[in-house]
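Structure in structure tokens, see below.
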Amino acid sequence: MTEPTTQAGAPAPRSSKEQASDAGRNRLSDRKKARLDELAQSTAAPGGVSLFRDAFRRLRRNPAAIVGAIIIALFVLVAIFAPLIAPHDPVQRFDALTDQLTPNNIAGPMDGFPLGSDELGRDLLSRLVYGSRQTLFVGVLATLIGLTIGVVLGAIAGAVGGWLDNILMRITDVMLALPALLLAITLVALASKSSQWTVIMAVAIVNVPIFARLLRGSMLAQRESDHVLAARALGVKQRSIVLRHMLPNAMTAVIVQATLTLSVAIIEAASLSFLGLGDPDRDRAEWGAMLGDAGVRYFEVRPELAYYPALAIIVVALGFTLFGEAMREAIDPKNRR
Amino acid sequence: MLRVIVRRLLQLVVTLIALSALIFVWLRNLPGGPVDALLGERATPETRALLTKALGYDQPILVQYGKFMQRILTGDFGNSIRTGDPVTEVISRAFPATVELALTAMLIAVGLGVPLGYLAARWRGRLLDHLTVVGTLLGVSIPIFFLGYLLKDVFTQNIHWFPPSGRVSIGLDNTNITGFFVLDSLLTREFDATADALWHLILPAFTLATIPLAVIVRMTRASVLDVLNEDYVRTAEAKGLRQRTVRGRHILRNALLPVVTTIGLQTGALLSGAVLTEKVYNWGGLGTLITDSITGSRDYPILQALILLSALVFVVVNLVVDLSYAFIDPRVRVR
């Protein structure tokens, strides 16, 4: 509180001592410059780099965020190094395992197969390890596609406004009026037969209205903000106001939502598999399909077929949720100090 | 108030019309349509054409849609392609089962969720708080159909507390009036049937309640924490009001506002969850109907009606929730 008073008082002595020494004048202008820089920095803060730095600092101190980040990192590492980690080919059927397959028995752990066999005599551990790849693929792709379409629609609605905004938002209303899984089921049912892509697209489209609404909301808030007004006053083109000034600032909420969506997407893909609308390719190892298809079908025979992929899904979903929630908390201006 | 209601009702009608048009066009123009579904891939072009004509699919799409809407408005959704029964009949047979399940699940979620969330907030940082936070995180991370199988395994195979599936025991002679088995048996005073129906209801309802429960607990906790710091709570305490009055009238009443909205939004989660839960427990409600009309042959008339119905339920429930705001929160009434 003391600094502004000296600052406000500063011009007065300067005008009275018009003939002050050069050194003194320099010092004064230096101070002014420093003060201006400071001011510029403080106004840049809500939305500039320092917000992210600030949020990141808070994120680093939050144990939930660290646990979430570690889980996500491990998940990604396993997916990348799957061929090195997995003891066997995930598709190959082993005689040692198929020999023991009967309607009432699926082989448990044995030498060389630490988690035993799956329903077709393949190594369960290797399928779980490779499953991280497909699960990551489905989750990330579904989220990215949903995010991209949602962001485009939301940005158009938020930037253009008017009747276009109205139409786009009514469409999202209609989509949001349907329960998520039901919408996904309807979308899958539209394809003549289900495949990995129908699953990805269905899960993606379910999330489109959420992203679109979210982005539109924060774009509208941006439109009223001072820095956009300043940009407009400076004569910045509408296109670049939207793309350079509004969109980057409005994206934070969307990115947080995307992290949370990743866990939902993985679970939704599993649910579709459970309903018989999942990826029909039985060679492909994906946790959701492993759990929703064979896992529950052979639950009485060998529940581990469900337990392991379920555990993997729960842990990974937990990781994304923890990290996403922590991010939301860190970015929330209420928590800024 | 009346204006708000009218506007919301109009919005509802517009939403439903848009949805019906969307679904109509979607379901009709895509591969694997009803004709293929009925005849299989090896049907001759002649039979195909005959059936297309019989089902009215040879007419212009706008004419078809007009007829479709005309029939819908008179309550006729056509016949199921698979069984030939009228859609309205098929759906009204399954509807009470799902409503019974979903209502029970919601009762569990609200009945457990609000007190748990409130206590967690009041004892912030203590053991119960930590447990609820971990529990809610797990609740939204677990695929509920897996939880269903897990519960079923533990409570029906290992310890025989509950029946594994279905709505009533086989061979039980219960009178069916409304289709709500618990209600029916109470009305007819067949109390053994009430007990039996409740017995079958508990596990599926708990399974279905997981996600709404987790969300409601979190919402209540966060909301109570917000309110606890409000000036009016401090004022109420400073005035020397009894603790019960402060908690009931000042904290809970204000904290529950956002929770009520959440409850409305959870209807969607309930309908989604019902599809999965009903399959796990062989429940025979709308969820089972949806699964049945999609796997194998696609039963479009049933799908159309079901999608419209669930959208209607979701929108109406949320409308009711919004309107009920006025009764809980006088501030809304003033506006």
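The values are calculated or read from the model by the stated rules, or taken from the named source; none is laboratory data. All figures in this text were calculated on a predicted structure; none of them were measured in a lab. A quick note on method: Cβ atoms are made from the backbone with ideal geometry, for glycine too, and the neighbour counts reach across all protein chains shown.
Out of everything in the stretch B:205-248 that is charged (D, E, K, R) and in a helix (DSSP H, G or I), what residue ends up being surrounded by the most Cβ atoms within 10 Å (Cβ to Cβ)?
As a first pass, look at the stretch B:205-248 and keep what is charged (D, E, K, R): B:218, B:221, B:226, B:230-231, B:234, B:237, B:239, B:242, B:244, B:247.
Add one more test, that the residue is in a helix (DSSP H, G or I), and what stays is B:218, B:221, B:226, B:231, B:234, B:237, B:244, B:247.
Working: B:Arg218: 24, B:Arg221: 26, B:Asp226: 14, B:Asp231: 8, B:Arg234: 13, B:Glu237: 12, B:Arg244: 8, B:Arg247: 18.
Within the stretch B:205-248, the match that is surrounded by the most Cβ atoms within 10 Å (Cβ to Cβ) is B:Arg221.
Here's something else I'd like to know. Go through the stretch A:164-185 and count every residue that is β-branched (Val, Ile, Thr), touching a helix residue (DSSP H, G or I) at 6+ places or on another chain (Cβ under 6 Å) and without any contact (Cβ under 8 Å) to a residue 12 or more places away in the chain.
1
Sticking with this one: Do any residues in the stretch B:238-263 that are closer than 23 Å to B:Val215 by Cβ have Cβ atoms under 7 Å from those of residues that are among the charged types (D, E, K, R) and not in a helix (DSSP H, G or I), where the two are at least six apart or on different chains, and which pairs are they?
That search, which allows pairs on different chains as well, returns B:Leu257/B:Asp329.
Shifting gears a bit: For the stretch A:229-250, what are the residues that are within 24 Å of A:Ile167 (Cβ to Cβ) and buried (at least 18 other Cβ atoms within 10 Å of the Cβ)? Let's see the steps before the verdict.
Step one: filter the stretch A:229-250 for residues within 24 Å of A:Ile167 (Cβ to Cβ), giving A:238-239, A:241-243, A:246-247, A:250.
Passing the criteria: A:Ile241, A:Val242, A:Met246, A:Leu247, A:Ala250.
Determine whether B:Ala94 is more than 12 Å from every other protein chain (Cβ to nearest Cβ) and closer than 30 Å to B:Asp226 by Cβ. Please lay out each step first, then the result.
Details: more than 12 Å from every other protein chain (Cβ to nearest Cβ): yes; closer than 30 Å to B:Asp226 by Cβ: no.
So B:Ala94 fails the test.
Run down A:Pro63, A:Pro114 and say which single residue is closer than 30 Å to B:Thr136 by Cα, surrounded by fewer than 16 Cβ atoms within 10 Å (Cβ to Cβ) and at pLDDT below 90.
Residue meeting the stated conditions: A:Pro63.
Another question, then. Could you list all residues from the stretch A:253-308 that are at pLDDT 90 or above, out of contact with any helix residue (DSSP H, G or I) (no Cβ under 7 Å at 6 or more places or on another chain) and farther than 20 Å from A:Val129 by Cα?
A:Val264 - this is the single residue of the stretch A:253-308 that is at pLDDT 90 or above, out of contact with any helix residue (DSSP H, G or I) (no Cβ under 7 Å at 6 or more places or on another chain) and farther than 20 Å from A:Val129 by Cα.
Let me confirm something: among A:Gly292, A:Gly324, which residue is surrounded by 19 or more Cβ atoms within 10 Å (Cβ to Cβ) and either touching a Lys or Arg at 6+ places or on another chain (Cβ under 9 Å) or within 22 Å of B:Val215 (Cβ to Cβ) (or both)? Outline the logic, then answer.
Working: A:Gly292 fails: either touching a Lys or Arg at 6+ places or on another chain (Cβ under 9 Å) or within 22 Å of B:Val215 (Cβ to Cβ) (or both).
Going through A:Gly292, A:Gly324 in turn, the sole match is A:Gly324.
Only one of (1) buried (at least 22 other Cβ atoms within 10 Å of the Cβ); (2) more than 8 Å from every other protein chain (Cβ to nearest Cβ); (3) not β-branched (Val, Ile, Thr) is not met by B:Leu271, so which one is it?
Answer for B:Leu271: the failing condition is (2).
Here is a list: A:Leu311, A:Leu277, A:Leu291. Which entry is in contact (Cβ under 8 Å) with a residue 24 or more places away in the chain and among the hydrophobic types (A, V, I, L, M, F, W, C)? Can you show your working first?
Values: A:Leu311 fails: in contact (Cβ under 8 Å) with a residue 24 or more places away in the chain; A:Leu291 fails: in contact (Cβ under 8 Å) with a residue 24 or more places away in the chain.
That would be A:Leu277, the only listed residue that is in contact (Cβ under 8 Å) with a residue 24 or more places away in the chain and among the hydrophobic types (A, V, I, L, M, F, W, C).
Sort through A:Val138, A:Val203, A:Val188 and tell me the only one that's assigned to a helix (DSSP H, G or I) and either more than 13 Å from chain B (Cβ to nearest Cβ) or surrounded by fewer than 20 Cβ atoms within 10 Å (Cβ to Cβ) (or both). Give the derivation first.
Working: A:Val203 fails: either more than 13 Å from chain B (Cβ to nearest Cβ) or surrounded by fewer than 20 Cβ atoms within 10 Å (Cβ to Cβ) (or both); A:Val188 fails: either more than 13 Å from chain B (Cβ to nearest Cβ) or surrounded by fewer than 20 Cβ atoms within 10 Å (Cβ to Cβ) (or both).
Selected residue: A:Val138, the only one of A:Val138, A:Val203, A:Val188 that is assigned to a helix (DSSP H, G or I) and either more than 13 Å from chain B (Cβ to nearest Cβ) or surrounded by fewer than 20 Cβ atoms within 10 Å (Cβ to Cβ) (or both).
Within the stretch A:199-242, which residues are under 17 Å from the mean Cα position of the chain (by Cα) and aliphatic (A, V, I, L, M)?
A:Ile200, A:Met201, A:Val203, A:Ala204, A:Ile205, A:Val206, A:Val208, A:Ile210, A:Ala212, A:Leu214, A:Leu215
Another question about this same structure. Are any residues in the stretch B:117-142 in a loop (DSSP other than H, G, I, E, B) and either out of contact with any helix residue (DSSP H, G or I) (no Cβ under 7 Å at 6 or more places or on another chain) or touching a residue at least 24 places away in the same chain (Cβ under 8 Å) (or both), and if so, which ones? Walk me through how you get there before you give the answer.
At the first step, the residues of the stretch B:117-142 found to be in a loop (DSSP other than H, G, I, E, B) are B:123-126, B:142.
Listed by number, the residues that qualify are B:Arg124, B:Gly125, B:Arg126, B:Ile142.
Going through the stretch A:170-185 one residue at a time, which ones are more than 7 Å from every other protein chain (Cβ to nearest Cβ) and surrounded by 18 or more Cβ atoms within 10 Å (Cβ to Cβ)?
Residues satisfying the conditions are A:Thr172, A:Met175, A:Leu176, A:Leu183, A:Ala184.
Determine, yes or no, whether A:Val256 is closer than 23 Å to B:Leu138 by Cα, surrounded by fewer than 24 Cβ atoms within 10 Å (Cβ to Cβ), away from every other protein chain (no Cβ under 14 Å) and among the β-branched types (Val, Ile, Thr). Reasoning before the result, please.
Details: closer than 23 Å to B:Leu138 by Cα: yes; surrounded by fewer than 24 Cβ atoms within 10 Å (Cβ to Cβ): yes; away from every other protein chain (no Cβ under 14 Å): yes; among the β-branched types (Val, Ile, Thr): yes.
Yes; evaluated as a whole, the condition is true for this residue.
Sticking with this one: Can you name every residue in the stretch B:274-295 that is assigned to a loop (DSSP other than H, G, I, E, B) and at the interface with chain A (Cβ under 9 Å from one of its Cβ atoms)? So that I can check it myself, show each step before the final result.
At the first step, the residues of the stretch B:274-295 found to be assigned to a loop (DSSP other than H, G, I, E, B) are B:282-285, B:295.
Across the stretch B:274-295, the qualifying residue is only B:Thr295.
Let me ask something else about it. For the stretch A:294-307, name all the residues that are of a type in the set (Asp, Glu) and touching a residue at least 60 places away in the same chain (Cβ under 8 Å). Before you say what the answer is, go through the steps one by one.
Start the filter on the stretch A:294-307 by keeping residues that are of a type in the set (Asp, Glu), which leaves A:300, A:304.
If the condition is that a residue be of a type in the set (Asp, Glu) and touching a residue at least 60 places away in the same chain (Cβ under 8 Å), then A:Glu304 is the only one that fits.
Now for a different question. Identify the residue in the stretch A:299-337 that is within 11 Å of another protein chain (Cβ to nearest Cβ) and of a type in the set (Phe, Trp, Tyr) and, among all such residues, is nearest to A:Ile72 (Cα to Cα).
Residue satisfying both the conditions and the ranking: A:Phe320.
Any idea which of (1) farther than 22 Å from B:Gly268 by Cβ; (2) within 14 Å of chain B (Cβ to nearest Cβ) is the one A:Ala265 doesn't satisfy?
Only one criterion in (1) farther than 22 Å from B:Gly268 by Cβ; (2) within 14 Å of chain B (Cβ to nearest Cβ) is unmet by A:Ala265, namely (1).
A:Arg284 fails exactly one of the following numbered conditions: (1) part of a loop (DSSP other than H, G, I, E, B); (2) within 11 Å of chain B (Cβ to nearest Cβ). What is the number of that condition?
The single condition A:Arg284 does not satisfy is (2).
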